[in-house]
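The values are calculated or read from the model by the stated rules, or taken from the named source; none is laboratory data. Not measured: the values here are computed from a predicted model. Please note: Cβ atoms are built from the backbone with ideal geometry, for glycine as well, and neighbour counts cover all protein chains shown. Note: accessible area is taken over every heavy atom of the protein model, side chains too, but ligands, DNA and RNA are not part of it. Shrake-Rupley method; radii C 1.70, N 1.55, O 1.52, S 1.80 Å.
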Amino acid sequence: MAETTVHLLRHGEVFNPEQVLYGRLPGYRLSETGEAMALAAAEWLSDKGVTHVVSSPLERARQTAAPIAGKLDLPVETDDRLIEAGNAFEGLKVGVGDGALRSPQHWWKLRNPFRPSWGEPYVEIAVRMLAAVEAARDAARGAAAVCVSHQLPIWTLRLHLEGRRYAHDPRRRQCGLASVTSVTYDGDRVAGISYAEPAGATDPDAVPGA
């Protein structure tokens, strides 16, 4: 059976001076540091046999995909299934001890952390991400594909593939900025999952809405 690898690349740092949870909101681009992260990821992926590049439709993801496609002379396709998770706190500050979480009017959104009640259900994220990754796998049979997406969708898919519970502590996600979670397939069977940080480690707590 042909071995195929799908590299799930999280976008780089976003310019977000107000430190809001930006989610799917338009207008959030990579910062200068984020652009450098995208270049580092492109360099790391340049010798991985990539023949297919696909991105979330959000601007920060497409910006992250661009240097990879440029280096490899490949087009960037867009897959809406790779988009950031929906979240009822979009546009608000949600840091611990401040922002929206201090207001009782928002507490009802936290009533069920297992679904979760504040946004797109984990199971729905997993289903759409799995479909997107399998489509990318099929497009790059015997080689490698890159899917540029976002932290929660990538992490939810990894939990699904590893047979772990979806409910989790966001601070414990192994999915830093411009990190690569690689899923290797033997035919259609998942043969392994690995993780790398081509742009270096980042603190996810410092990047709301990423």
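Brief remarks follow.
- The stretch 38-55 - residue that is in a helix (DSSP H, G or I) and under 27 Å from ALA131 (Cβ atoms) and, of those, most open to solvent (accessible area, probe 1.4 Å): TRP44
- Selection count, the stretch 93-117, where residues are in contact with a Leu (Cβ under 6 Å, 6 or more places away or on another chain) and at pLDDT 65 or above: 1
- Pairs with Cβ under 8 Å, 6+ apart, first in the stretch 27-40 and of a type outside the set (Asp, Glu), second outside any helix (DSSP H, G or I) and open to solvent by 80 Å² or more (accessible area, probe 1.4 Å): TYR28/PHE15; ARG29/PHE15; LEU30/PHE15; SER31/PHE15; GLY34/PHE15
- Matching residues, the stretch 1-16, being farther than 11 Å from ASP186 by Cβ, part of a loop (DSSP other than H, G, I, E, B) and over 11 Å from the mean Cα position of the chain (by Cα): GLU13, PHE15, ASN16
- All of (1) modelled with pLDDT of 95 or more; (2) over 27 Å from LEU74 (Cα atoms); (3) buried (at least 20 other Cβ atoms within 10 Å of the Cβ) hold for GLN151 with one exception: (2).
- PRO198 buried (at least 19 other Cβ atoms within 10 Å of the Cβ), in contact (Cβ under 8 Å) with a residue 40 or more places away in the chain, within 20 Å of LEU45 (Cβ to Cβ) and of a type outside the set (A, V, I, L, M, F, W, C): no
- Residues that are of a type in the set (Lys, Arg) and at pLDDT 95 or above, drawn from the stretch 24-60: ARG29, LYS48, ARG60
- Exclusive hit being surrounded by 15 or more Cβ atoms within 10 Å (Cβ to Cβ) and either polar (S, T, N, Q) or at pLDDT 70 or above (or both), set VAL146, VAL123: VAL146
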